[in-house]
Amino acid sequence: MRHETPELSLELVSVVIPCYKQAHFLGEAIESVLAQTYPAQEIIVVDDGSPDETKEVSIRYPSIKYVRQTNQGLSAARNTGYRNSRGMYLVFLDADDRLLPHHLSTCIKAFQRRPDAAFVCGDYRFLGDDQAAHRHDCRPQPDLYGTLLRSNFIGPPHTVMFRRDAIVQSGGFIPGMKSCEDQEIYLRIARTASIHCHHEIIAEYRRHGNQMSQKWEVMLSTAMEMLQNERRYVAGRPEYETALEAGVRFRKDLYGPAVAWTMVGSVRSKKWSRAFKCLYVLLRWYPQGLAMLMNSKLTRVYEPAS
């Protein structure tokens, strides 16, 4: 049941939910917004040319705004959503995730404490496991832009509430990015604007096999390209150059071994297209992954019999 929190100024918050082949989760995402304790909200579902029942699920909820477009990808769908919204604040919720009931009110309070912030962010827990939570570390190194260079400490975009003008001035999400589009916009905004972390757990993140974050070769190549783009902004600033190099190492170590083993699995299952994609990414960004595989094979060959 919604209730108005007296100390909050009730500026409209727009929640944008892009959906592509996620109709089976979409109802949960919508209902998590409808369950918010903060009443000044609108919901925009962007059907990104989905071949499933996205429209049928959406129109069950008369209060939401449903927009359909030809399939253009996640970034373009988010941009369509905010361009069709009216709120002073924006939240981007993927169709397979959920907000906790106090998400919007917590973020509005954070903005009241930090009116200079371009966006505020919190933490999340894993859906279905109340005990497993991600709590990020945003200690400045030397500030939050530098910290973001080192790692995506924020996580998925539904832990963030943006000021609308910050999204508009940034130009929105970059269309065509295959992954890391949320990390990229965090970095782009943090280069010149203040951001604030309130550290409340405000969202739920679903883990399943179809997530982009499980496509390791895409994650590694896109992350490396994203950081290469940041070099022009950190050049001549030693503290940021150091942070960027640390971020490159961190992401290679995070995704690289998974790419190597995905290549092995793809070869074994004769998924040659993915195997060659993984090989290309390893050769370009993580050649030590090939040495790792060779060492693992040699270790098994020469391991003494028990």
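Things worth noting here:
- For the condition under 14 Å from the mean Cα position of the chain (by Cα) and either closer than 28 Å to residue 18 by Cα or among the aromatic types (Phe, Trp, Tyr) (or both), residue 173 qualifies.
- Criterion (touching a residue at least 24 places away in the same chain (Cβ under 8 Å), among the basic types (Lys, Arg), over 26 Å from residue 105 (Cα atoms) and assigned by TED's automatic domain parsing to the domain that holds residue 22) met by exactly one of 206, 191, 251: 191
- Checking each residue in region 168-188 for being of a type in the set (A, V, I, L, M) and part of a helix (DSSP H, G or I) picks out 168, 185, 187.
- Residue 128 being over 16 Å from residue 173 (Cα atoms), at pLDDT below 95 and of a type in the set (Gly, Ala, Ser): yes
- Within region 250-276, restricting attention to residues that are farther than 30 Å from residue 147 by Cβ and of a type in the set (Lys, Arg), the residue that is surrounded by the fewest Cβ atoms within 10 Å (Cβ to Cβ) is 270.
- A residue that is in contact with a Ser or Thr (Cβ under 7 Å, 6 or more places away or on another chain) and assigned to a helix (DSSP H, G or I) cannot be found anywhere in region 192-201.
- Every residue from region 57-79 that is among the aliphatic types (A, V, I, L, M) and within 19 Å of the chain's Cα centre (by Cα): 74, 76, 77
- When residue 138 is tested against (1) part of a loop (DSSP other than H, G, I, E, B); (2) more than 29 Å from residue 86 (Cβ to Cβ); (3) within 15 Å of the chain's Cα centre (by Cα), just one condition goes unmet, and that condition is (3).
- Test result for residue 130, at negative phi and out of contact with any Leu (no Cβ under 9 Å at 6 or more places or on another chain): yes
- Within region 22-59, the set of residues being under 17 Å from residue 81 (Cα atoms) and of a type in the set (D, E, K, R) comprises 42, 47, 48, 55.
The values are calculated or read from the model by the stated rules, or taken from the named source; none is laboratory data. No experiment lies behind these values; they were computed from the predicted model shown. Glycine gets a Cβ as well: all are built from the backbone with ideal geometry, and neighbour counts include every protein chain shown.
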